[in-house]
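Take a look at the structure set out below.
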Amino acid sequence: MKRTSERAMRANLRAAAAATALAAALALCAAALAGAGDPAFADAGADAARTGSIVVHEYRSQLGGTNPGNGDEDPVLPKDALPLADVPLTLYQLSTDPEAANGFEPAVDVDSPPLASFDSRTGTTDAQGVLAFRDLPRGVYLLVQGDVAGVQPAQKKLLVAVPMQGAVGGDARWDVHVYPKSYVAASIAKAADDPDAVYGVGDEARWRITVPVPAELKLVAADGSVRYGRGLQVRDILDARLDDVPGAQVSLVDATGQPSATALVPGADYEEAYDEQGRTVSWTFTDEALRRIADAGAANLVIAVTTRVNEAAYDEPGAIYNNAAVSFTAASGAPTGAEVIPGGVPDPANPAHPRITTGGVRIDKHLEETGEKLSGATFKVARSRADALAGHFIARTVDGVLQDVQLVTDADGAASLGGLGAGTCWLVETQAPSYEDAEGRQRACVRLAEPAAVDIPADPAAAEVRVAVANRLETPLDRAGSAVGGALAKTGDAGWLLAAALAAVVALAGAGMVRRLRRRGERTDDR
């Protein structure tokens, strides 16, 4: 019995020790679990307060596929990638949950409204095409690219998560780098070399057509193979008041205007042609020249064009707009083109529309006594006073024959002439209008006897000069003066009063002389 009790006691002691050890082990496990939980919660709290950044790298490339971005700072970019400076960007926050844009039914997309709790941020890329948005709380952001002339973004709106989880797992990236791709869309510009001059018929006007070398001319595939476009053509669409002067200069230049080492030779690399019916000058490049242009690394294809103002400018004073266009088939096979003035409709309010200005004169013919408009007055214009007095006037070719340009006032008393360069021209009234009075009687008006000087300013904004010419009705004194002196007063000038007075003096003197002779004759008869 005693042995049995001892064995039982030892068993109980072992059981108690085991229980104590188990309890201690459980206590240690519990402590370990509790200790492990505190850092986990601390990390979650730190993530909630942590901020990140979105660093945007804008670049241009040709049309074609690229690998999707994964937030890395050094992605594999196309070989022809060039940074884009001065790209405006705006950042909005759409959600505070970085996963809100994921899944088959995302909570937010590019059309979702931004959160009012986050003030939108704006900026522009620097010379390296980089713009950083920093101190961003976790969430989903909408990046919106603004408009840049000649640049077409592949994605105008882009969703970015902060932090961004890598596509193959790994740590989340709090500093997210995104690479929105843009391409330089086909574009063309044109400008006059001297838009501030005032041109006249016969003057030459020089223009500069600039075509940024389109990225679409060349496409580098993922396997390194290269495709090129074809059919590059530039066209200069001329206004009816301009004639082409053959022999344009075609060249490639860099961004600073320096010539490229790649020269373009007329007859070998391109052909210049003129379509008279369409009034269009064209430069058609060979496909070999297109490949050389695409590979040259130049910024712009430049064509220096010369035109001459023709006699059609006499009919329409003011601005002469000019247009140009470019077209080609892109390396992707898509037809591509651009025009300076889309549709050819000029917009006077848009300073980007290329133009030159001719001077002109607009006559306002009216009756001096009442201000009524006078129709039927005819004028001619001379380039000097000597020409005006000699009867040598501005002429134009009509059916192969030179004829003086004649201005005739319409029912509004108006007549105009364009195509006049800056300087002084001389206005001569060759026929005075007649005037129908209230009783239906036709009455003659006094013609402008002397050439009137008209100054055309060397300022395009003031190059059309308005000249008010007042006619007065003819009087018996005018007829007497005309018979005696053979001269008519200058309309719109006080000189006509002097002329009238002189005519009256002459007439009165003549009448007095007649009376004296008559009296003398009477006295002789009396004798």
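The values are calculated or read from the model by the stated rules, or taken from the named source; none is laboratory data. Since we're looking at a predicted model, the values are computed, not measured. Glycine gets a Cβ as well: all are built from the backbone with ideal geometry, and neighbour counts include every protein chain shown.
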### Hits in the range 439-469 - residues which are among the β-branched types (Val, Ile, Thr) and closer than 17 Å to ALA313 by Cα
ILE456, VAL465
### Summary
Of those in the range 340-365 that are modelled with pLDDT under 80 and within 23 Å of ILE456 (Cβ to Cβ), the residue surrounded by the fewest Cβ atoms within 10 Å (Cβ to Cβ) is PRO351
### Query
Tally time: how many residues in the range 425-470 are touching a residue at least 60 places away in the same chain (Cβ under 8 Å) and either more than 39 Å from the chain's Cα centre (by Cα) or not assigned by TED's automatic domain parsing to the domain that holds VAL381 (or both)?
7
#### Entry: Flag if VAL309 is within 20 Å of GLY278 (Cα to Cα), modelled with pLDDT of 95 or more and aliphatic (A, V, I, L, M)
yes
### Task
Would you confirm whether any residue within the range 245-253 is in the same structural domain as ILE303 (by TED's automatic domain parsing) and within 30 Å of THR424 (Cα to Cα)?
yes
### Query
What is the number of the single condition among (1) at pLDDT below 90; (2) farther than 21 Å from ALA197 by Cα that HIS392 does not meet?
(1)
### Message
Can you say whether ARG443 is part of a strand (DSSP E or B), among the charged types (D, E, K, R) and farther than 25 Å from ALA192 by Cβ, as far as the supplied structure shows?
### Response
yes
### Filter result for the condition that a residue is under 18 Å from the mean Cα position of the chain (by Cα) and not in a strand (DSSP E or B), over ASP236, ASP223, ASP196
ASP196
### Query
Would the range 264-280 turn up any residue that is among the aromatic types (Phe, Trp, Tyr) and either in contact with a Ser or Thr (Cβ under 7 Å, 6 or more places away or on another chain) or in a loop (DSSP other than H, G, I, E, B) (or both)?
yes
### Message
For the list (1) under 30 Å from ALA452 (Cα atoms); (2) modelled with pLDDT of 90 or more; (3) of a type outside the set (A, V, I, L, M, F, W, C), I need the number of the one condition that PRO317 fails.
### Response
(2)
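Looking for whichever is part of a loop (DSSP other than H, G, I, E, B) and hydrophobic (A, V, I, L, M, F, W, C) here; the options are ALA298, ALA289. Which one fits? Even if it seems obvious, please write down each step before you answer.
Numbers: ALA289 fails: part of a loop (DSSP other than H, G, I, E, B).
Answer to the check: ALA298.
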#### Entry: Filter result (among the aliphatic types (A, V, I, L, M), part of a loop (DSSP other than H, G, I, E, B) and at pLDDT 85 or above) within the range 447-486
ALA458, ALA463
### Task
Kindly provide the set of residues from the range 236-270 that are charged (D, E, K, R), farther than 30 Å from LEU420 by Cβ and at pLDDT 95 or above, ordered by number.
ASP269
### Query
What residue, among those in the range 425-440 that are out of contact with any Gly (no Cβ under 8 Å at 6 or more places or on another chain) and not in a strand (DSSP E or B), is nearest to SER384 (Cα to Cα)?
ALA432
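Yes/no matrix, rows are residues, columns are (1) among the basic types (Lys, Arg); (2) buried (at least 17 other Cβ atoms within 10 Å of the Cβ); (3) touching a helix residue (DSSP H, G or I) at 6+ places or on another chain (Cβ under 8 Å):
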residue	(1), (2), (3)
LEU290	no, yes, yes
ASP295	no, no, no
ASN322	no, yes, no
PRO335	no, no, no
### Summary
Quick count over the range 133-175, residues being under 18 Å from GLN93 (Cβ atoms), modelled with pLDDT under 90 and assigned to a strand (DSSP E or B), is 2
